[in-house]
Amino acid sequence: MITRFAPSPNGHLHMGHAFSAIIAHDLAIKAGGQFALRIEDIDGVRSKPELAEEFREDLKWLGLEFEEVAPQSGRLENYEAAATKLRELGVLYPCICSRTDIRSADPKYGPMGAIYAGTCRAQEVDPDLPVAWRLDAAKALAITGPLSWHDTAAGILPVDMTQLGDVVIWRKEEPASYHLAATLDDAADGVTLVTRGFDLFHATHVHRILQALMDLPVPQYHHHPLLLDEGGEKLAKRRGSASLADLREAGEDGLLLAEQLRLHSFPAGISLQKA
Ligand code: GLU
């Protein structure tokens, strides 16, 4: 059993991250396996390298032992090779649409935001322009045939892209999208059980297609409920939830906090998302 915690260093970790890391850690350790830390640092200007060290300190403070694997910034060649392979398979198409273009096309919304209307799928786009590359979901599924994946709580789920549409696999001004990078990394790191918050549940449909197209091993999945703030919103770095670094520096006991999170005994104002 290998699990991982894969934070992006674009803000401090908060209690929601601690909860997520503890779940991944404990599942691995109970099974006699390994818990990996992977820094997902390919978000250009938003990535702050100094936060990676803070994350390591946070995990140690919580009493979680981990093995750190290569950060995403060290794996760009692997992502490029995979994107080339997918382009050769004919399942990616270039897209020039800006966020504003997508919004003004009056899109339908699914669980991961606006469903791309497929504008650039239907037109010639010069791939030498600054373009993003999208996965043609219908074409990809025609190659792979029907697929499914396994979630520890939800059971077997057939891959269904109707609520997601053609997602971005390679970004316009940044490298690989989260979908491509995370899928390749989980395979390269030998992750056997992907644990992450329920907010990424639907992303797994995309990841399963990428695994099939690139002959990657298929892990099991465990999507856990999120911690919510007083307003019923998921805890967020932006809205100023107390960071683990603040708590640590204020002399709070990380081991005690970890035990409380394990027992679902949350601090005032924090609750667990209902299934
Ligand atoms: N890097 C992602 C995040 O910080 C996590 C991705 C994952 O666990 O698959 O939200």
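The values are calculated or read from the model by the stated rules, or taken from the named source; none is laboratory data. Predicted model only: the values in this text are computed from it and were never measured. Cβ sites come from the backbone with ideal geometry, for glycine too, and all protein chains shown count toward neighbours. In case anyone asks, the SASA skips ligands and DNA or RNA and just uses the protein heavy atoms, side chains included. Shrake-Rupley method; radii C 1.70, N 1.55, O 1.52, S 1.80 Å.
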Low-density loop cleavage sites - trypsin sites (Lys or Arg not before Pro) in region 188-275, where at most 11 other Cβ are within 10 Å (DSSP): Arg238, Arg239, Lys274
With all protein chains present, calculate the accessible area of Thr162 using a 1.4 Å probe and round the result to the nearest 10 Å². 100 Å²
With a 1.4 Å probe and every protein chain left in place, tell me how much accessible area Trp170 has, in Å² to the nearest 10. 40 Å²
Please compute the modelled spin-label separation between Glu68 and Ile156, points set 7 Å along Cα→Cβ, answer in nm with one decimal. 4.1 nm
Roughly what % of DSSP beta bridges within the chain run antiparallel, to the nearest 5? 60 percent
If you count only protein heavy atoms and use a 1.4 Å probe, how large is the accessible surface of Ser243, to the nearest 10 Å²? 10 Å²
One checks the Cα atoms of region 1-142 and finds Rg and Dmax, in Å, of 19.2, 54
How many angstrom separate the Cα center of region 134-165 from the Cα center of region 202-275? 24 Å
Cα-derived Rg to Rh of region 37-109, Kirkwood definition: 1.14
By a straight-distance test (C-alpha under 20 Å), which lysines pair with Lys30 as possible cross-link partners, with residues fewer than eight away in the same chain excluded? Lys60
Per-residue accessible area, 1.4 Å probe, largest first, puts Phe55, Phe198 in the order Phe198, Phe55
Which percent of the accessible area of the chain is formed by carbon and sulfur heavy atoms (probe 1.4 angstrom)? 53 percent
Mind checking which aspartates and glutamates have their C-alpha under 15 Å from Lys172, skipping anything on the same chain fewer than 8 residues away? Asp43, Glu80, Asp101, Asp126, Asp128
Using a 10 angstrom cutoff on alpha carbons, build the Gaussian network for the chain and name the most mobile of Tyr109, Tyr93, Tyr79. Tyr109
Quick note, region 156-227: a/c under 1.5 would make it rounded; otherwise a/b > b/c is prolate and the rest oblate (a ≥ b ≥ c, C-alpha gyration tensor); here it is rounded
Full-extension gain between Ser98 and Gln163, please, as 0.36 nm times their residue separation minus the C-alpha to C-alpha distance. 21.4 nm
With axes computed from alpha carbons, what is the tilt in degrees of helix 178-188 against the longest principal axis of the chain, rounded to the nearest 10 within 0 to 90? 70 degrees
In whole Hz and in residue order, list the ³J(HN,Hα) couplings for region 23-37 that follow from phi through the Karplus curve 6.51 cos²θ - 1.76 cosθ + 1.60, θ = phi - 60°; x for Gly and Pro. 4, 5, 4, 5, 4, 5, 5, 4, 8, x, x, 10, 10, 10, 10
With every protein chain left in place, what is the accessible area per residue of the chain in square angstrom, probe 1.4 Å? 49 Å²
Convex hull around the C-alpha positions of the chain: the volume in Å³ per residue is 137 Å³
